[in-house]
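The values are calculated or read from the model by the stated rules, or taken from the named source; none is laboratory data. Bear in mind the structure is a predicted one, so any value in this text is a computation, not a measurement. Every residue, glycine as well, gets a Cβ built from its backbone with ideal geometry; the counts of neighbours run over all protein chains shown. Accessible surface is based on the protein model in full, side chains and every heavy atom, while ligands, DNA and RNA are left aside. Shrake-Rupley method; radii C 1.70, N 1.55, O 1.52, S 1.80 Å.
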Amino acid sequence: MKFITAIITNIRALVGSIAQPAAPVATVTAPHIRMLMLHLCDQDEAKALWLARWLAYPLHNRGAKMRTAILTTNTDGAGHLFFEKVIGPMYGNQAQLGGVWPRRTFNGWAIGKRYAVLSGLTNADLYTPSVKNLITSSNIIVRRHDLPDIAISNSLNMVFMTGAHEALSPENCDRRFFVLNPKQALPVALAAAVVHEIENGGLIEFNHFLMHELDMGNFDTCASTSYATEPGRLAAALQILPSTQGAAA
């Protein structure tokens with residue numbers, strides 16, 4: 001948490017000395033937050049559409065449990081900025097943010113949560129029963145210190161972040177993970193624009209985009225991580241995504 005706080009503090013300090021990004025030609029809600037999403041997807045619009053739908057589905061369908069998880073690197077803070085600072089507030093106190101993947105048996109933090117972002121996942125963690133159960137099981141056995149175990153319904157939608165690029169190689173990941181591994185560093189100007197947008201109504205705008213503007217197609221909790229899009233819908237769905245040209249110049 002101190003890491004992302006320091007990043008945002010530095011960005012705010014730089015805002016005054018950086019030319020504000022030009023607005024996209026098309027009028028869209030939360031354009032720079034969407035640009036951050038595209039950055040995380042390496043400017044792959046089909047991948048960004050899948051990610052947007054994955055984020056939107058549990059908001060449209062309260063209590064929905066996605067059968068996949070997001071797995072991303074976070075070497076430059078882009079993952080924290082998007083998944084914690086943008087998406088996290090949409091869940092209020094039902095979000096578990098800023099946590100480190102727990103290497104102990106106690107997991108009481110999962111009670112009452114619908115969305116969780118956990119850092120520190122390593123290559124060795126990917127196929128552990130604990131990770132698999134959080135992603136795919138209908139119930140979670142909650143173990144707490146000096147209290148009896150209880151079973152709770154699993155409504156957690158998971159984002160795992162790692163600093164280890166090797167953990168995201170194709171041979172190490174399976175269909176449970178939607179992998180984001182951006183090749184380019186997060187541009188400082190884009191980061192500054194996103195922070196400015198967050199502080200000036202951008203969270204409400206991006207929530208509106210997910211809830212009311214995004215074409216969900218036939219996306220559901222079991223959507224394949226191959227992010228194949230049904231014929232005829234990709235172009236229509238992407239008409240509301242901002243152009244990458246000039247938006248963070």
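At an R0 of 35 angstrom, the distance between the Cβ atoms of Val188 and Leu147 translates into a FRET efficiency of 0.15.
A cut-off of 5 Å between modelled amide H atoms, ignoring neighbours fewer than 5 places along the same chain, links Val142 with Ile150, Ala151, Ile152. Full extension of the segment from Ile204 to Glu45, taken as 0.36 nm per residue of separation minus the current Cα-Cα distance, would add 55.0 nm. Can you check what the net charge comes to around Lys113, using other residues whose Cβ is under 15 Å from the Cβ of Lys113 (Lys, Arg +1; Asp, Glu -1)? Neighbourhood net charge equals +3. Using a simple spin-label model with pseudo-atoms 7 Å out from Cα toward Cβ, Ser137 and Asn93 lie 2.6 nm apart. Among Glu199, Glu84, Glu213, the order of accessible area from largest down is Glu199, Glu213, Glu84, computed with a 1.4 Å probe on protein heavy atoms. For a straight C-alpha distance cut-off of 26 angstrom, the lysines reachable from Lys47 (same-chain residues fewer than eight places away being disregarded) are Lys65, Lys85, Lys132, Lys183. Across the range 155-163, rounded Karplus estimates of 3J(HN,Hα) from the backbone phi angles (6.51 cos²θ - 1.76 cosθ + 1.60, θ = phi - 60°) give 10, 6, 10, 9, 10, 10, 10, 9, x Hz, Gly and Pro being marked x.
The simple Förster model, with R0 at 22 Å and r as the Cβ-Cβ distance, assigns Arg67 and Trp109 a FRET efficiency of 0.55. How would the range 37-98 be classified by its alpha-carbon gyration tensor: rounded, prolate or oblate, with rounded meaning a/c under 1.5 and the a/b versus b/c comparison settling the rest? Since a/c reaches 1.5 but b/c is at least a/b, the shape of the range 37-98 is classed as oblate. For Gly77, no residue 5 or more places off, or on another chain, has a built amide H under 5 Å of its own. Phi angles across the range 46-60 convert, under the Karplus curve 6.51 cos²θ - 1.76 cosθ + 1.60 with θ = phi - 60°, into 3J(HN,Hα) values of 5, 5, 5, 5, 4, 4, 4, 5, 4, 5, 6, 4, x, 6, 6 Hz, Gly and Pro given as x. In order along the range 182-187, phi translates into HN-Hα couplings of x, 7, 9, 5, 5, x Hz, rounded to whole numbers, per the Karplus curve 6.51 cos²θ - 1.76 cosθ + 1.60 with θ = phi - 60° and x for Gly and Pro.
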